[in-house]
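Everything on this sheet refers to the single structure shown next.
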Amino acid sequence: MAIKRILVATDGSATAQEAVAWAADLAATLGAEVVLMSVIDFANLGLSAGFGFPILEETQMRERLNQELNGAWSERMREAQVNFRTLVSEGNPAPAIVQTAADEEADLIVMGSRGRSGLSELLVGSVAHRVTHHARTPVVIVPPSATSRATQALANSVRLGREQRFLPPVTFASGALVP
Amino acid sequence: MFEQILLAVDGSQSSEVATQTAVGFAAKTGASVEVVHIREHDIIVSRASSGPDLETREEAGVLLSRVVDTLKRAGITAHGTVRQAQTSRVAHEIIAAADEAGADLIVVGNRGLSSFSGMLLGSVSNKLVHLAGRPVLVAHERSHHNGGDVSQNAG
C-alpha cells in the first residue's frame with residue numbers, strides 16, 4: 001500500500017501539534033505530500049451565539065486556525081522538507097474530515113487524540129473515534145508524546161517548587177506578627 | 001522514529017487490511033514488525049458469540065504464522081507471539097506487547113480483536129487509542145488502496 005498523500009486534520013487542540021510533527025516526519029520518510037486541514041465547528045460556535053457575538057467569534061476562530069495552519073504547523077512541514085498545502089473547512093468535524101480525505105484522495109489520515117469537544121467527547125466519542133469508524137483510509141491517532149507529558153510534569157513541579165519557596169517567608173512573616 | 005511496529009491481528013477482514021498497511025509502512029521505512037495475536041479466554045463471552053469452540057492454541061499459532069510469513073515474504077523482519085488475555089483485557093495485553101517491543105506505532109484493524117464487544121463497538125481500537133500512549137494506526141475493512149474500488153478489500 002503506497003501512501004502518497006496524508007491528510008493531517010486538526011481542530012486547533014494542543015495535542016494536534018504532536019500529530020502535525022509525527023505526520024511531517026512520516027511524510028518525509030515516505031516521500032508523501034501533506035494536506036494540513038483545520039475544521040471550524042459551528043456546533044461549538046453555537047454555544048456562545050446566544051451572547052450575541054457569533055460572527056466576531058467565527059472571525060476570531062478562523063484567524064486563529066489560519067495562524068496555526070500557516071504558522072507553526074506549516075513551519076514544521078517546511079523543516080521536514082515536505083510538500084504541503086493548507087485548507088480550512090467548516091461544519092461537523094468528523095464528517096468534514098472524512099469527506100475531505102475522500103475529495104483529496106488521501107491514503108492516510110493523521111489526527112491528535114484529544115480534541116476540544118469536552119463533554120460531548122465523553123457522550124458520543126471523540127472526533128478521532130468517529131473519523132476512525134467512518135473513514136475509508138487507515139487513520140493514525142497520535143497521543144501527546146511521553147516527552148511532552150514529562151515536560152508538562154516538569155513545568156508543574158517547577159511551578160509548585162516556586163510556590164513552596166514563596167510560602168515559608170509568608171508563614172514566617174505572619175508568625176512574626178503574632179505576639 | 002519508525003523502527004519498530006507492533007501489529008495486532010485477529011484474522012478479521014480489518015486485520016487483513018492492517019497487515020497490508022503494516023507491510024507498506026515497514027517496506028518504506030525499514031521498520032521491523034512484531035506481530036501479536038491475543039487468545040481470549042473469557043468463556044462466557046466466547047460462548048455467546050461463537051459457540052463453545054474456543055480458539056485452540058494451534059489455531060492461534062496458524063493465524064499468527066500466516067501473518068508473519070506474509071511480512072517475511074515482503075522482505076520485512078518480522079517476529080510473532082501469541083499472548084493470552086481475558087476479553088476485557090485484550091487492549092491492555094496489546095499495549096503490554098507494544099511496551100515490551102518498544103514499538104513506535106501500533107497497527108490494528110478497527111473491527112474484531114475481541115470476539116463480542118469488539119465486534120459491536122470496536123472497543124479494542126478505541127481503548128488502544130486512549131491508553132496506548134503511542135501512535136495507533138486503525139485500519140478499516142473498507143480501507144482502499146490508491147483510490148481503488150472501495151468494494152475491493154485487500155488480502
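Throughout, read-outs are computed from the coordinates displayed, never taken from laboratory work. Since we're looking at a predicted model, the values are computed, not measured. Don't worry about glycine lacking a Cβ; one is built from the backbone with ideal geometry, like all the others, and counts go over all protein chains shown.
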Work out, step by step, the length gained on full extension between A:ASP25 and A:LEU87: first 0.36 nm times the residue separation, then minus their alpha carbon distance; give nm to one decimal. 20.3 nm
Could you compute the FRET efficiency for B:LYS72 and A:GLN67, with r as their C-beta to C-beta distance and R0 at 35 Å, rounded to 0.05? 0.15
Using a 10 Å cut-off on Cβ to Cβ distances, tally the other chain neighbours for every residue of A:126-136 and report the average as a whole number. 4
R0 = 51 Å: FRET efficiency of A:GLU79 with B:ALA96, Cβ-based, nearest 0.05? 0.90
Along the three principal axes, how long is region B:1-41 when you take its alpha carbons, biggest first, rounded to the nearest angstrom? 34, 18, 10
